[in-house]
Amino acid sequence: MMTLTDLCILAQKHLETGAMATSAQCCLEDAYYLIRRHDFTAARQRALRSLAYSVGILHADYQRAATQE
C-alpha cells in the first residue's frame with residue numbers, strides 16, 4: 001500500500017519532469033496544506049493530481065499510485 005507520504009515523495013520526485021510543472025507544483029503545495037489541516041483524503045487527491053500533471057495518467061508511477069487508493 002502506498003502511503004500518503006510515499007505519494008507525496010513520488011510526486012515531488014517527478015515535479016520538474018512534466019510540461020505542466022507549475023500546475024503540478026500548485027497541487028503538491030495544496031496537498032501539503034491539506035495534510036497540515038488533517039484532511040488526508042483531499043491531500044491524497046491533490047498529490048495524485050500533481051503526479052498526473054507531471055507524468056500523465058498513463059505513466060506506471062501514476063497507475064501504481066492511483067490503484068492504491
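Just so it is clear, none of the values below were taken in a lab; they were calculated from the coordinates. None of these values were measured; they are calculated from a predicted model. Ideal geometry is used to build each Cβ from the backbone, glycine not excepted, and the neighbour counts take in all protein chains shown.
Under a Cβ-only charge scheme (Lys and Arg +1, Asp and Glu -1), can you give me the dipole magnitude of the chain about the Cα centre, in debye to the nearest 20?
Charge dipole, the chain, about its Cα centre: 80 debye, nearest 20.
Between His59 and Arg36, what is the label-point separation in nm under the 7 Å Cα-to-beta-carbon projection?
2.5
Give me a comma-separated list of calculated 3J(HN,Hα) values for segment 29-43, in order, Karplus coefficients 6.51, -1.76, 1.60 applied at θ = phi - 60°, integers in Hz, x for any Gly or Pro.
Coupling constants for segment 29-43: 4, 4, 4, 5, 4, 5, 4, 4, 8, 6, 9, 6, 5, 5, 4 Hz.
Sorted from largest down, give the three principal axis spans of the alpha carbons of the chain, whole angstrom values.
Cα extents, longest axis first: 29, 26, 14 Å.
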